[in-house]
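Peer 1: Pasting a structure below so you can have a look.
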Amino acid sequence: MESTEPIIFVVDDDQSVRDSLRRLLRSVGLAVQAFPSAQAFLSSPRADSPGCLVLDVRLPGPSGLDLQRELLIADRPLPIVFLTGHGDIPTSVKAMKAGAVEFLTKPFREQDLLDAIRQAIERDRADRRERQELADLRRRYDSLTPRERDVMGGVVAGRLNKQIAAEFGTSQATVKEQRGQVMLKMQADSLAELVRIATRLHVPTRGSGSA
Amino acid sequence: MAADVPVQERRPPVWLRWGVALLSVAVAAALTTGPGGERLFPEPPERFVHGVTLLYASAILSAWLGGIGPGLVAAVLAALVIDWFITPPLYSISLDFDFALRIAVFALSAVLVGSLGLRRQRMEDALRLSRHELEVKVEERTADLTRSNQQLHGEIAARRRAESTLREQAALLDLTHDSVFVRDEQGVILYWNRGAEELYGWTKAEALGSVAPARLQTVFPVPLEEIMAELTRTGRWEGEIVHTRHDGTPLTVASRWSFRRAAPGRPAAILETNNDITERKQAEDALHHARAELAHVSRVTTLGELAASIAHEINQPLAAIVADASACLNWLDADDSPIDQVREALAAVVSDGNRAAAVLTRIRAMLGRSSVARRRCQIGAIIADVLPLVRPELSRHGILLQTAVASDVPAVLVDRIQIQQVFINLLVNAADAMRDLPTERRRLSIRAAREALDDGAWAVVAVEDAGMGLGEVEPEHVFEAFYTTKPGGLGMGLSISRSIITSHGGRLWATANTAHGVTFHIALPASS
């Protein structure tokens, strides 16, 4: 699966909390990078490896919730485990709605934190895999010629070679050949897989329902 | 006007009077002696008798018409004519006795008749005069009457004008939105405007003659005697009073009274102008209530924020301690424990433990306000400080407060503000504890007394409620921090109260009452 080691980013303004979290996570063999503020975290370069964010809600400057929003806007998704000094239901609801993995109240149990971190890393791995696959498919799709893309749109719309040939004013044999190219370039073993790929890529379908 | 007409001018003119005298004698003489006379009376004796009669008549006529003067002249002339023409010897004047007698009779008759005429004349004159005077008087009287008649008309017109002005003014009073009515000193309504009709629901006809305070079920803010005293002294009074409408709904009015003193022919009257301020009053009450709510909410919020900040301050080091300790356990579980890292983590645990303790110390110092000036105070004075602050809260919950401060309670050396806070805390707690009780049980008592304890005199105050009591809870337990029975309560009040009293060298404890509720005891050492 993933060869690269996950990294846990800790953002907490309280130094003793920050240090203790670093020690705790290292003690279970996790790589940790700790920051005292949202700005410090955002301005540091991030390695291309799976990971998650352990984030204090109350921070000087932009709060934990602000940072969560910022990451969503900047399209730098990272699963977040929130920590807070005292349970505050409205804040936790807001955080969870915005996609937080967990919301833990200090002092937290070690197991709860580690479980949440594991879950977050899993989610990040899945997200990254998803993004990777999508990027691959996109690359394959981009390698099609314009005519091949049109043919693909017709095929995934469930139209026959004859119909597609009639529409483009070519022979069925030509369409059949182009269709073979599409299957090859898109690395689809079957029509069903091609349709699945088209759905994930939101490929525009052509002439569905009309002859 | 009738002129004063002279009496003389009413008599015949002088020439007529004298002329008649001469002419009548001449005619009589002519008739007696002349050819005319011979034809009328052919026989001499008859002629002479008639001649004498005629002459006599002429003398009397002259006297009648001309008065005494012409009468006398006519009498003398007639006598001369008779002597000349009638008595023998004829055609001579014989001045004898007969002549004198004749003159005398003629003259006497003439004077008599003349004076009678004169008299009659005078009487006529007098009559005329008095008639004239009467006329003058009648005229004057008529003029008087006309004058007074005109005056009367003028008065009537003025009165009509006044009445119409009055009517207009009354109509103006009907235009005002204010309710205006007039009543006498007994409260009988004499005037009732449209505003009053609209405000109270009784028509003018229904209201007039009835007694205002009874009809309106007036509730005065102060005794009516005080109002009347001010009214008679200054002529005015203003205040808020409560009335009841025809339909039974109560209303609050801003009332202004003006007093008109009694005068001859005029009774005393009170003009009352009322403005309905019920809605304003209700709005004010609502505002007051909302403000109280807001104060309560903000107090709770402040305490909530304080609690949150305390929790955060404590939880930070606790979180670090738990994380570090967990890390140590993880390392110690490993085959090759990184001792240096374990040591580092344990050092952090120690420092975070100390940090948490420091936070608590800081909070206690903040809440306890240790650096304060202490002064000698009387416990009774401190209780007196506090009562005005808590009484609104107590009366809002219908709680009866009894205070008894013994005269020999010793003075104490305290921070007055802090001890006030303790009392307020205990009293408000007691009020809360009795909020849901039946009214008759909502009794709160404060007793202050002197007690001789082991090491001298103490001032001991007992605050006793009849509330829900402690139930199964140990009395000591209520003084622990964060112990609370109130929703939204922080559970700090009694804990802080105890630390305040303790810092004064005193004691604060609670005992359960035999019947209901709890008594809190504050003991403070007497200041030496």
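Peer 1: Would you call A:Leu191 farther than 30 Å from A:Pro50 by Cβ, exposed (fewer than 13 other Cβ atoms within 10 Å of the Cβ) and outside the structural domain of A:Pro50 (by TED's automatic domain parsing)?
Peer 2: So A:Leu191 does not fit the description; no.
Peer 1: I would also like to ask the following. Given A:Ser37, A:Ser44, A:Ser49, which one is free of Cβ contacts under 8 Å to residues at least 60 places away in the same chain, assigned by TED's automatic domain parsing to the domain that holds A:Asp19, among the polar types (S, T, N, Q) and closer than 30 Å to A:Glu193 by Cα?
Peer 2: Checking each option against the conditions leaves just A:Ser49.
Peer 1: Which number in (1) modelled with pLDDT under 90; (2) away from every other protein chain (no Cβ under 14 Å) marks the one condition that A:Asp88 misses?
Peer 2: With respect to (1) modelled with pLDDT under 90; (2) away from every other protein chain (no Cβ under 14 Å), A:Asp88 is out only on (2).
Residues checked against (1) in a strand (DSSP E or B); (2) touching a residue at least 40 places away in the same chain (Cβ under 8 Å):
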{"position": "B:Ala196", "(1), (2)": "no, yes"}
{"position": "B:Leu199", "(1), (2)": "no, yes"}
{"position": "B:Gly209", "(1), (2)": "no, no"}
{"position": "B:Arg215", "(1), (2)": "no, no"}
{"position": "B:Pro221", "(1), (2)": "no, no"}
{"position": "B:Glu225", "(1), (2)": "no, no"}
{"position": "B:Met228", "(1), (2)": "no, no"}
{"position": "B:Leu231", "(1), (2)": "no, no"}
{"position": "B:Glu238", "(1), (2)": "yes, no"}
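Peer 1: Also, quick follow-up: Can you tell me which residue in the stretch B:249-272 is modelled with the lowest pLDDT, limited to those that are over 18 Å from B:Gly195 (Cα atoms) and part of a loop (DSSP other than H, G, I, E, B)?
Peer 2: B:Gly265
Peer 1: Sticking with this one: Please go through (1) surrounded by 14 or more Cβ atoms within 10 Å (Cβ to Cβ); (2) out of contact with any strand residue (DSSP E or B) (no Cβ under 6 Å at 6 or more places or on another chain); (3) touching a residue at least 40 places away in the same chain (Cβ under 8 Å) for A:Leu71 and return the number of the only condition it doesn't satisfy.
Peer 2: (3)
Peer 1: Just checking, which of A:Ile80, A:Ile117 is under 25 Å from B:Val342 (Cβ atoms) and buried (at least 19 other Cβ atoms within 10 Å of the Cβ)?
Peer 2: Of the residues listed, the single one that is under 25 Å from B:Val342 (Cβ atoms) and buried (at least 19 other Cβ atoms within 10 Å of the Cβ) is A:Ile117.
Peer 1: Tell me whether the stretch B:232-245 contains one or more residues that are out of contact with any Cys (no Cβ under 6 Å at 6 or more places or on another chain), modelled with pLDDT under 85 and under 20 Å from B:Leu173 (Cβ atoms).
Peer 2: Within the stretch B:232-245 (the criterion being out of contact with any Cys (no Cβ under 6 Å at 6 or more places or on another chain), modelled with pLDDT under 85 and under 20 Å from B:Leu173 (Cβ atoms)), the answer is no, since none of the residues qualifies.
Peer 1: If I go through the stretch B:507-528 residue by residue, how many of them are more than 30 Å from B:Glu440 (Cα to Cα) and surrounded by 21 or more Cβ atoms within 10 Å (Cβ to Cβ)?
Peer 2: 1
Peer 1: What single numbered condition from (1) more than 14 Å from every other protein chain (Cβ to nearest Cβ); (2) surrounded by 14 or more Cβ atoms within 10 Å (Cβ to Cβ) fails to hold for A:Val93?
Peer 2: (2)
Peer 1: Quick check, is A:Val54 surrounded by 23 or more Cβ atoms within 10 Å (Cβ to Cβ) and not acidic (Asp, Glu)?
Peer 2: yes
Peer 1: From the list A:Glu148, A:Glu122, A:Glu167, A:Glu133, which residue is among the charged types (D, E, K, R), surrounded by fewer than 13 Cβ atoms within 10 Å (Cβ to Cβ) and in a helix (DSSP H, G or I)?
Peer 2: Being among the charged types (D, E, K, R), surrounded by fewer than 13 Cβ atoms within 10 Å (Cβ to Cβ) and in a helix (DSSP H, G or I) holds for just one of A:Glu148, A:Glu122, A:Glu167, A:Glu133, which is A:Glu133.
Peer 1: Another question, if that's okay. With respect to A:Ser3, determine if the residue is facing chain B (nearest Cβ under 9 Å) and either farther than 17 Å from A:Ala116 by Cβ or at pLDDT below 90 (or both).
Peer 2: So A:Ser3 does not fit the description; no.
Peer 1: Let me ask something else. Given the options B:Leu173, B:Leu118, B:Leu166, name the one that is in contact with a strand residue (DSSP E or B) (Cβ under 6 Å, 6 or more places away or on another chain), in a helix (DSSP H, G or I) and not charged (D, E, K, R).
Peer 2: B:Leu173
Peer 1: Would you pick out the residues in the stretch A:172-211 that are part of a loop (DSSP other than H, G, I, E, B) and either within 30 Å of the chain's Cα centre (by Cα) or modelled with pLDDT of 90 or more (or both)?
Peer 2: Answer for the stretch A:172-211, where residues must be part of a loop (DSSP other than H, G, I, E, B) and either within 30 Å of the chain's Cα centre (by Cα) or modelled with pLDDT of 90 or more (or both): A:Met186, A:Gln187, A:Ala188, A:Asp189, A:Ser190, A:His202, A:Val203, A:Pro204, A:Thr205, A:Arg206.
Peer 1: For the stretch B:430-451, give me the residue count where each residue is within 13 Å of B:Ala466 (Cβ to Cβ) and either at pLDDT 85 or above or touching a strand residue (DSSP E or B) at 6+ places or on another chain (Cβ under 8 Å) (or both).
Peer 2: 8
Peer 1: Now for a different question. Can you find even one residue in the stretch A:17-39 that is farther than 28 Å from B:Arg343 by Cα, crowded, with 22+ Cβ neighbours inside 10 Å, touching a Gly at 6+ places or on another chain (Cβ under 7 Å) and more than 14 Å from chain B (Cβ to nearest Cβ)?
Peer 2: For the stretch A:17-39, residues farther than 28 Å from B:Arg343 by Cα, crowded, with 22+ Cβ neighbours inside 10 Å, touching a Gly at 6+ places or on another chain (Cβ under 7 Å) and more than 14 Å from chain B (Cβ to nearest Cβ): present.
Peer 1: Residues of the stretch B:203-237 being of a type in the set (Asp, Glu) and surrounded by 12 or more Cβ atoms within 10 Å (Cβ to Cβ), which ones?
Peer 2: Result: B:Glu206, B:Glu226, B:Glu230.
Peer 1: Only one of (1) buried (at least 17 other Cβ atoms within 10 Å of the Cβ); (2) more than 14 Å from every other protein chain (Cβ to nearest Cβ); (3) within 27 Å of B:Ala325 (Cα to Cα) fails for A:Gly64. Which number is that?
Peer 2: (2)
Peer 1: Residues in the stretch B:457-478 that are at pLDDT below 85 and surrounded by fewer than 19 Cβ atoms within 10 Å (Cβ to Cβ): how many?
Peer 2: The total comes to 10.
The values are calculated or read from the model by the stated rules, or taken from the named source; none is laboratory data. Just so it is clear, the structure is predicted and the values come from calculations on it, not from any experiment. For neighbour counting, all protein chains shown are included, and Cβ atoms are generated from backbone atoms with ideal geometry for every residue, glycine included.
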